[in-house]
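Participant: The structure is given below, and queries will be raised subsequently.
Here, each number is a calculation from the coordinates, and none is a lab measurement. Being a predicted model, the structure only gives us computed values, none of them experimental. Cβ sites come from the backbone with ideal geometry, for glycine too, and all protein chains shown count toward neighbours.
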Amino acid sequence: DMDAWVRWQTECRGDDGELAVMSEPRVFARPQRSERSLATLLLADLSLSTDAWASQDARVIDVIRDALYVFGQAMDGLGDPFEMLGFSSVKRHNVRVHALKRFDESWGAVTRDRVGAIKPGYYTRMGAAIRYATKALSNRPEKQRLLLLLTDGKPNDLDHYEGRFGLEDTRHAVQAAKSAGLLPFCITIDEEAADYLPYLFGQHGYALVHKPNELVSRLTQIVGQLSA
């Protein structure tokens with residue numbers, strides 16, 4: 001029962017990403033042999049806007065961190081290869097990509113510590129980050145390759161990337177990912193997403209999570225739906 005397992009993971013996880021209690025979940029689980037061929041790359045927006053408060057108890061960056069923890073645990077349990085990257089930018093020549101977990105790394109203390117250390121900063125040059133992720137994911141041999149973008153707003157940067165140029169650059173990067181045989185999909189908490197994400201990712205290429213505290217469970221559900 002994946003939904004029950006995700007709820008248990010969320011409730012029992014401490015601030016450092018480790019399980020806060022040692023009780024066993026009341027969830028039936030057993031290893032399953034799967035014939036599917038799937039690789040997933042999750043690209044997380046770590047720009048300064050994620051320092052905003054998502055609720056009285058947590059900032060957006062805290063919600064993203066929790067989502068990354070549970071995503072990593074879920075993907076590790078499924079046994080499918082996955083990579084997690086964070087990104088931010090300061091103009092075109094300074095796009096910062098943070099390797100939280102590479103495909104060839106195991107999900108363990110080191111990678112969890114990287115997720116725990118993420119912090120907000122700078123801007124969101126989305127097209128450049130998507131192109132970087134596309135190159136990494138295109139090298140995978142799996143038949144199905146998901147490129148997931150987790151964000152809280154529009155593409156933006158200090159230069160002319162703000163506005164139409166940033167939207168067009170991001171759309172071009174998404175189209176290039178599709179041409180490479182990838183399935184790009186955006187998950188956002190931006191309530192204005194309907195104004196621009198259909199243009200960037202397609203009408204069915206994104207999901208809006210209205211309540212940030214539901215991001216953890218929604219992310220896992222979306223991955224399950226896309227890989228079904």
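Participant: Once you put a point 7 Å from the Cα of ALA58 and another 7 Å from the Cα of PHE103, both along the Cβ direction, what distance in nm separates them?
Facilitator: 3.0
Participant: Let me ask you something else. Going by C-beta contacts inside 10 Å, put ILE187, ILE222, ILE64 in order with the fewest on the left.
Facilitator: Least crowded to most crowded, the residues run ILE222, ILE187, ILE64.
Participant: Can you pull out the trypsin sites (Lys or Arg not before Pro) in the range 113-215 whose DSSP state is coil and whose Cβ has at most 14 other Cβ atoms within 10 Å? Intermediate values should be presented prior to the final figure.
Facilitator: On the way: sites: ARG114, ARG125, ARG131, LYS135, LYS143, ARG145, ARG164, ARG171, LYS178; in loops: ARG125, LYS143.
In loop regions of the range 113-215 (DSSP not H, G, I, E or B), the sparsely surrounded trypsin sites (Lys or Arg not before Pro) are LYS143.
Participant: Right, next: Normalised by the residues of the range 72-220, what does the relative contact order come to in percent, with Cα pairs under 8 Å and at least six apart? Before the final figure, lay out the partial values.
Facilitator: Working: 211 pairs, mean separation 27.9, N = 149.
Relative contact order comes out at 19 percent.
Participant: Using a Förster distance of 35 Å, how high is the FRET efficiency between HIS210 and ALA117, based on the Cβ-Cβ distance and rounded to 0.05?
Facilitator: Numbers: r = 29 Å, r/R0 = 0.82.
Efficiency computed from Cβ-Cβ geometry: 0.75.
Participant: Can you give the helix-only mean residue ellipticity at 222 nm for the chain, where every DSSP H stretch with n ≥ 4 adds -39500 (n - 2.57) and the sum goes over all residues, rounded to the nearest 500 deg cm²/dmol? Intermediate values should be presented prior to the final figure.
Facilitator: Working: 7 runs with 85 residues, N = 228.
Rounded to the nearest 500, the figure is -11500 deg cm²/dmol.
Participant: Here is a further query. Taking the beta-carbon count within 10 Å as an exposure proxy, list LEU200, LEU182 from fewest neighbours to most. Let's see the in-between values first.
Facilitator: Details: LEU200 27, LEU182 22.
Least to most surrounded, the residues fall as LEU182, LEU200.
Participant: Of ALA136, ALA207, ALA67, which has the largest mean-square fluctuation in a 10 Å C-alpha GNM of the chain?
Facilitator: ALA136
Participant: Please arrange SER89, SER217 by how many other C-beta atoms lie within 10 Å of their C-beta, fewest to most.
Facilitator: Details: SER89 26, SER217 18.
In increasing order of surrounding Cβ atoms, one gets SER217, SER89.
Participant: Quick one: longest stretch of the chain between exposed loop GluC sites (Glu not before Pro), exposed meaning at most 16 other C-beta atoms within 10 Å and loop per DSSP? List each step's numbers first, then the result.
Facilitator: Values: sites that count: GLU18, GLU35, GLU105, GLU142, GLU162, GLU191, GLU192.
The reported range is 36-104.
Participant: What are the equivalent ellipsoid semi-axes of the range 186-228, built from the alpha-carbon gyration tensor (square roots of five times its eigenvalues), in whole angstrom, biggest first? Write down the numbers at each step before the final one.
Facilitator: Values: eigenvalues 63, 42, 5 Å².
Value: 18, 15, 5 Å, ordered largest first.
Participant: Looking at the range 37-227 only, what percent of DSSP beta bridges run antiparallel? Nearest 5 please.
Facilitator: On the way: 9 of 31 bridges.
Counting only bridges with both partners in the range 37-227, antiparallel ones make up about 30 percent.
Participant: Turning to a different aspect of this structure: Using +1 at the Cβ of each Lys and Arg and -1 at the Cβ of each Asp and Glu in the range 37-227, identify which of ILE222, ALA133, TYR199 lies farthest towards the dipole's positive end.
Facilitator: ALA133
Participant: Right, here's the next one. Between SER138 and ASP76, how many nm apart are label points set 7 Å from Cα along the C-beta direction?
Facilitator: Spacing of the two 7 Å Cα→Cβ label points: 3.1 nm.
Participant: Under the Karplus relation 6.51 cos²θ - 1.76 cosθ + 1.60, θ = phi - 60°, what is the ordered set of whole-Hz ³J(HN,Hα) values for the range 130-143, x standing for Gly and Pro?
Facilitator: Ordered by residue, 3J(HN,Hα) equals 5, 5, 4, 5, 4, 4, 5, 6, 5, 7, 7, x, 5, 5 Hz.
Participant: Per residue of the range 91-105, in order, report the coupling 6.51 cos²θ - 1.76 cosθ + 1.60 (Karplus, θ = phi - 60°) as ³J(HN,Hα) in whole Hz, putting x for Gly and Pro.
Facilitator: Whole-Hz 3J(HN,Hα) from phi for the range 91-105: 6, 5, 8, 9, 8, 9, 10, 9, 7, 7, 7, 8, 4, 8, 9.
Participant: Now for a separate question. Can you give me the Rg/Rh ratio for the chain, using Cα atoms for both radii and the Kirkwood formula for Rh? Write out the running numbers ahead of the final one.
Facilitator: On the way: Rg = 16.8 Å, Rh = 17.8 Å.
Reported Rg/Rh, Kirkwood definition of Rh: 0.95.
Participant: Can you give me the Cα centroid spacing of the range 148-174 and the range 77-119 in angstrom?
Facilitator: 20
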